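Reading through the structure tokens given below for one structure.
Just so it is clear, none of the values below were taken in a lab; they were calculated from the coordinates. For clarity, every value in this text was computed on a predicted model and none was experimentally measured. Every residue, glycine as well, gets a Cβ built from its backbone with ideal geometry; the counts of neighbours run over all protein chains shown.
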Amino acid sequence: MVTVGGPTGIVERITLRKVEMRSLDGTVHTVPFSEISIVDNLTKDFSYYMLEVGVAYRENTDEVISILLDVDRELRESEEYGPSILDPLEVLGVDRFDDSAVVIKARTRTRAHEKWFVGREFNRRMKLAFDERNIEILFPHQTLYFGEAKDGQATSADIRVLPAERNQNDSEQKGESGSVAETSSAASAKRDAAPDIRARRSDIVGEGQYDD
């Protein structure tokens with residue numbers, strides 16, 4: 001599996017002028033040698049599956065790392081996935097602090113071409129383990145923070161809930177005011193059009209008298 005000139009895929013054919021690769025979705029990419037400056041080999045000898053696990057700020061990172069190691073141990077002991085894993089999980093530590101999560105980075109060393117096979121199963125088992133132990137995984141959300149006082153006490157938020165009847169009355173009043181405005185506009189339009197109608201009537205009467 002290589003990346004050549006942008007596309008990534010398995011090399012199927014090499015000629016004197018071009019390289020043909022097939023990507024995961026079956027697309028065949030033809031890349032001329034004139035456009036190749038860097039070749040990335042993703043599966044030479046062995047591979048690493050990188051893990052960036054985002055959890056909520058409330059979680060204990062040591063507990064999360066312990067769960068990751070447990071999942072890795074179970075995966076290496078399985079008959080289906082064990083032979084594809086070369087080394088135990090390498091936890092690199094807390095990598096960064098995002099807006100809504102603490103990100104822990106780790107990687108697992110696998111046989112060439114097997115990192116996606118192992119990684120998908122690792123993700124599945126990790127999700128089940130987090131659900132079982134009530135570990136909150138990163139998801140888009142927003143927290144309202146009203147600050148805290150010098151003594152560490154949280155400040156109170158002035159939140160008021162209006163009764164349903166009041167909201168309904170406000171809506172009805174807005175609707176009535178809108179109807180009154182529309183009625184006034186219609187009446188004004190009729191008054192403006194009245195002189196034109198009287199003028200046309202005068203012209204018609206005048207023409208009739210002239211014909212007689």
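Points to keep in mind about this one:
- Sole residue being over 15 Å from ARG58 (Cα atoms) and in contact with a Gly (Cβ under 6 Å, 6 or more places away or on another chain), chosen from THR155, THR110: THR155
- The residues in region 13-27 that are within 33 Å of the chain's Cα centre (by Cα) and closer than 14 Å to VAL2 by Cβ can be counted, and the count is 4.
- Subset of region 107-126 [surrounded by 21 or more Cβ atoms within 10 Å (Cβ to Cβ) and of a type outside the set (A, V, I, L, M)]: THR108, THR110, LYS115, PHE122
- Test for TYR57: is it in contact (Cβ under 8 Å) with a residue 12 or more places away in the chain and within 14 Å of ASN123 (Cα to Cα): no
- In region 92-104, the residues that are free of Cβ contacts under 8 Å to residues at least 60 places away in the same chain and part of a strand (DSSP E or B) form Cβ pairs under 6 Å with partners that are among the charged types (D, E, K, R) and surrounded by 14 or more Cβ atoms within 10 Å (Cβ to Cβ), at six or more places apart or across chains, as follows: LEU92/LYS105; ASP95/LYS105; VAL103/GLU52; VAL103/ASP95.
- Counting the residues of region 106-124 that are assigned to a strand (DSSP E or B) and without any contact (Cβ under 8 Å) to a residue 60 or more places away in the chain gives 2.
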